[in-house]
Amino acid sequence: MSKINNFNKIKLKKEKGSDRMEGERISYHENVRKGYVRIKRDEMNNIWDRFEAQGFGRDPDKRCPFCLKGARCDLCSNGPCRADASIDKRGVCGITADGMAMRKMLLRNVLGASTYHYHTEQTITTLRATAKGTTPYKITSPEKLKAFAERLGLEISGSLEETAMNLCKFVEQDFHRKYDEPSKIVELLAPKERQDLWRNLGIFPGGIYGEMMLSTSSCLTNVDGYYKSLALKAMRLGIAMAYESQIVNEFCQDILYGIPTPHKMRVNLGVLDPDYVNILPNGHEPFLGFALVQLARKQEWQDKAKEVGAKGLRIIANIETGQEMIQRWEMDDVFYGFTGNWIMQETILGSGCVDVFMADMNCSMPVDPLYAEKYKFKLIPVSEVVAFEGIKERENYVPEKAEIQAAKLLEMGISNFKERRDSVEPLTNFEINETIVGFSTESILDTLGGSLVPLLDVIKDGTIRGVVGMVSCTSLRDYGQDVHTIDVVKELIKKDVLVLSMGCGNAAVQVAGLTNVEAKEDAGAGLKAVCEKLNIPPVLSFGTCTDTGRLADLLGAIAHTLGDVPISDLPVAAAAPEYMEQKATIDAIFALALGLYTYVNPVPTMTGGPDLMQLLTEDLKVITGGQLHTETDTNEAVKNILNHIEEKRNKLGI
C-alpha cells in the first residue's frame with residue numbers, strides 16, 4: 001500500500017459483521033467509547049456519526065475521488081475544475097493536477113502558519129505587559145530569558161524587565177521584515193548547514209508576515225501553478241513558522257510560566273468529578289488557564305464553591321491549552337488533571353460534569369453550543385478568532401485584564417453549578433491514571449547530567465537505535481481515535497526507538513500509559529535498560545504541536561554535538577500517524593525542509609499529482625535530505641521508519 005497507485009486503497013478497520021462504527025473504530029480508549037454510548041443515547045449530533053455520514057452509502061472511504069487526490073479546484077468562477085494527470089486533463093486555466101494539489105497544500109500551510117503566529121503574537125503581547133508589571137504573571141524563568149536573549153544577540157546586563165522588553169521588540173521587528181529580507185531569528189537559531197542549504201535553494205525566509213503574503217499571493221489564479229515552485233514556497237514558509245513562531249512562542253512561554261520539567265499528572269476522563277465546580281480551559285493558548293489556576297488556588301474561591309454545595313473548585317486541563325499547562329505546572333487538588341485530545345471533546349462535554357468550557361484559539365468544535373444547551377454548561381469564547389452560532393457571551397483575553405477575566409469565569413462556573421448538578425445526570429466511573437509529563441531540552445539535559453553525550457553514546461553503541469519525534473493530531477480517517485498513533489508508538493519502542501511525543505498524539509500516549517515509567521516493560525531490551533538507568537519512560541512527553549520548533553532546536557543541538565553533521569544524516573525521523581488539520585500540514589512540510597524522514601497518515605490529498613508525489617517521496621532526498629512517506633498499515637510504516645534509521649546509522653558508521 002506504500003506505492004503511489006495504491007495510496008487511496010484504504011480499508012476501514014471495522015468489527016466483523018458491522019456496517020457501523022463501533023468498538024475501536026470509535027476510539028482506542030474505553031472511556032471515550034463509554035462517553036459515545038451516552039451521547040448517542042441522548043441523540044446528540046456527534047463526530048462519529050458525522051464522519052460516517054460523509055461517505056457515499058455511509059462508507060466513510062467512499063468520497064469524491066478527485067477530492068481525495070487533491071485534483072480539484074474551485075478558486076475561480078470557471079470551476080469547480082477537476083484534473084487527471086493520466087490523460088493530461090487540466091483545469092480551465094491550464095493548471096495541472098500536480099499544481100492543483102500543491103497549491104491547495106500551500107494554502108493549508110498559510111492557514112497553519114497564521115494560526116501558529118496568532119498564538120505567538122499573543123505570547124509576545126503577554127510577555128511585554130508582564131515586563132511592565134500589568135498582568136498577574138511574572139517572569140518565572142529568568143535563566144531562560146537571559147539564555148534566549150543571548151542567543152538572539154541581545155544585551156542582558158540590564159534588569160529582567162528591560163531584557164524582556166528588548167526581546168519583544170527584536171522578535172516583532174523580525175516578524176515584519178519583508179519576504180526578501182533574511183530573518184535574523186532564523187540566522188541566529190538554525191544550524192549553519194541548513195541555512196547554507198536553504199540559501200542555495202532560494203528558500204531562506206524573511207519575516208513571517210512577508211512569507212505569508214508571498215505564499216498567499218502565489219496561489220491566486222494564473223499566478224503560480226508550478227508544483228515545484230509552490231513546494232519550495234511551502235518549505236520556505238515552514239522554516240519561517242518554525243523558528244519565528246514556534247520557537248519564539250514556546251521559549252517565551254517558558255520565560256513566563258516555567259521550563260517544563262518531569263512530574264506526575266492525572267489524565268483521562270476520570271479527572272472529571274460532578275460534585276466539583278469544573279472549569280475547562282480549552283484550545284491552544286494557556287494564558288487565561290494559568291490565571292484561573294492562580295485564583296482558584298486561593299481559599300476564598302474554594303469557599304465560594306462550597307457555599308453553592310460543591311466540594312470545591314477545579315481547573316481541568318483540556319486539549320493543547322491543557323497540554324501547555326500540564327507540561328509546566330504540577331497537579332494538586334485544584335489544578336487537578338488533564339482530559340485528553342480533541343476528538344473526545346463531545347464525550348467530555350456530554351459527561352454532565354462541566355460548568356465552564358473556555359474556548360481560546362483552536363480546537364473548539366462548531367457543534368459545542370448544542371452540548372452547552374443539553375448539558376447545562378457555559379460556553380465562553382476567550383479569543384476574537386473563536387465564535388459559535390448562538391453564543392453571545394464572550395471574554396476576549398487581554399493580558400492586563402487577565403485576573404479580572406479569570407475571576408469572571410470562576411464566578412460563571414460557581415453560579416452554574418447548582419443548575420447543572422440538579423438537572424443533568426452525570427456520567428461517572430471513568431478511569432483515571434497518572435503519567436509523567438514535562439520533558440524539554442533543558443530537562444532532558446538535566447536527566448543526562450548536563451550533556452547530550454550520554455544519549456548519543458547509547459545511540460552510537462546501538463542500545464537505542466534512534467529517535468522519533470511523534471508530532472500528531474488525532475483523526476478518524478482510517479482508524480478510531482488514537483488507535484494508529486498508539487500502535488505505531490508501541491511498535492517503535494519495541495524496536496528500541498526512543499519517542500518524543502507532541503500534539504494531540506501526546507495526549508493519546510499519555511492516556512494510554514506509554515509515558516509512564518512502567519511502559520518500559522513494553523520496550524525493547526536496549527531502550528528498557530536506558531529507561532531503568534535514568535528512571536524515564538520510553539516515550540517522553542515533549543509538549544504540544546507548537547513544540548515542533550523546540551524539537552528542531554534539540555535536533556540542531558544533537559547535530560552540533562556530533563560534530564555539526566547534517567541533520568538529514570541523523571538516525572531520527574518525524575511521525576504523524578494521525579495528522580488532521582492545517583497546522584499539521586505545515587509541520588510536515590517544515591520537517592521535510594529540515595531534512596527529516598517524515599511519516600504521515602492519513603494519506604494526504606495530493607496523490608492526484610504523480611510528479612508532486614515523486615518530488616516529495618523520492619526526489620527530495622537529494623534536495624533537502626527529507627523524504628515524505630505515507631502508509632496506512634502500522635507494520636509497514638514502522639518497518640520503513642526503522643529502515644531509514646538503520647540507513648542513517650550506517651552512513652554515520654555507528
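The values are calculated or read from the model by the stated rules, or taken from the named source; none is laboratory data. None of the values given here were measured: they were computed from a predicted structure. Note that each Cβ is placed from the backbone with ideal geometry, even for glycine, and that neighbours are counted across all protein chains shown. Only protein heavy atoms, including side chains, enter the accessible area calculation; ligands, DNA and RNA are left aside. Shrake-Rupley method; radii C 1.70, N 1.55, O 1.52, S 1.80 Å.
For every residue, the table says whether it meets (1) small (G, A, S); (2) not in a loop (DSSP other than H, G, I, E, B).
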position	(1), (2)
P136	no, no
E150	no, yes
G153	yes, no
G158	yes, no
L188	no, yes
N200	no, yes
F204	no, no
M213	no, yes
T216	no, yes
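For E172, the requirement of being within 22 Å of E121 (Cβ to Cβ) and either not in a helix (DSSP H, G or I) or not hydroxyl-bearing (S, T, Y) (or both) is met. Number of residues in the range 75-128 that are of a type in the set (D, E, K, R) and within 29 Å of the chain's Cα centre (by Cα): the value is 6. I436 fulfils the conditions (1) touching a residue at least 60 places away in the same chain (Cβ under 8 Å); (2) open to solvent by less than 10 Å² (accessible area, probe 1.4 Å); (3) among the β-branched types (V, I, T) except for a single criterion, (2). When residues in the range 222-237 are screened for being in a loop (DSSP other than H, G, I, E, B) and open to solvent by less than 60 Å² (accessible area, probe 1.4 Å), 2 of them pass. Annotation note: Cβ proximity below 7 Å between a residue of the range 380-405 that is under 15 Å from F287 (Cα atoms) and a residue that is in a loop (DSSP other than H, G, I, E, B) and among the aromatic types (F, W, Y) (sequence gap 6+ or interchain) occurs for P381/F388; V382/Y397; S383/Y397; Q405/Y397. Under 20 Å from T548 (Cβ atoms) and among the basic types (K, R): does that describe R236? Yes, satisfied. Contact map, the range 461-487: residues that are under 20 Å from R50 (Cα atoms) paired with residues that are assigned to a loop (DSSP other than H, G, I, E, B) and among the β-branched types (V, I, T), Cβ distance under 6 Å, separation 6+ or inter-chain. Pairs shown: D478/I10; D478/T632; G480/I26; Q481/T474; D482/T474. List the pairs whose first member sits in the range 127-145 and is farther than 10 Å from E161 by Cβ and at pLDDT 95 or above, whose second member is part of a loop (DSSP other than H, G, I, E, B) and of a type in the set (F, W, Y), and whose Cβ atoms are under 9 Å apart, counting only residues at least 6 apart or on separate chains? These pairs meet every condition: L127/Y137; A129/Y137. Taken over the range 169-187, the criterion of being surrounded by 14 or more Cβ atoms within 10 Å (Cβ to Cβ) and more than 24 Å from the chain's Cα centre (by Cα) is satisfied by F170, D174, R177, Y179, P182, S183, K184, E187. Scanning the range 349-396 for residues that are aromatic (F, W, Y) and in contact with a Ser or Thr (Cβ under 8 Å, 6 or more places away or on another chain) yields F357, Y375, F388. In the set (1) in contact with a strand residue (DSSP E or B) (Cβ under 7 Å, 6 or more places away or on another chain); (2) open to solvent by 30 Å² or more (accessible area, probe 1.4 Å), the condition left unmet by A97 is number (2).
Table: residues versus (1) under 25 Å from I326 (Cα atoms); (2) touching a Gly at 6+ places or on another chain (Cβ under 6 Å); (3) polar (S, T, N, Q); (4) buried (at least 22 other Cβ atoms within 10 Å of the Cβ).
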position: E431; (1), (2), (3), (4): yes, yes, no, no
position: S440; (1), (2), (3), (4): yes, no, yes, yes
position: G450; (1), (2), (3), (4): yes, no, no, no
position: P454; (1), (2), (3), (4): no, no, no, no
position: V471; (1), (2), (3), (4): yes, yes, no, yes
position: R477; (1), (2), (3), (4): no, no, no, no
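Being closer than 17 Å to G225 by Cβ, of a type in the set (A, V, I, L, M, F, W, C) and out of contact with any helix residue (DSSP H, G or I) (no Cβ under 8 Å at 6 or more places or on another chain) is a property that M100 has. Scanning the range 329-348 for residues that are of a type in the set (A, V, I, L, M) and under 26 Å from W301 (Cβ atoms) gives M331, V334, I348. Every condition in (1) open to solvent by less than 90 Å² (accessible area, probe 1.4 Å); (2) more than 28 Å from E307 (Cβ to Cβ); (3) among the charged types (D, E, K, R) is met by E400 except one, and the failing one is (1).
Applying the set (1) at pLDDT 95 or above; (2) open to solvent by 30 Å² or more (accessible area, probe 1.4 Å); (3) within 30 Å of V489 (Cβ to Cβ) to I47 leaves exactly one unmet item: (2).
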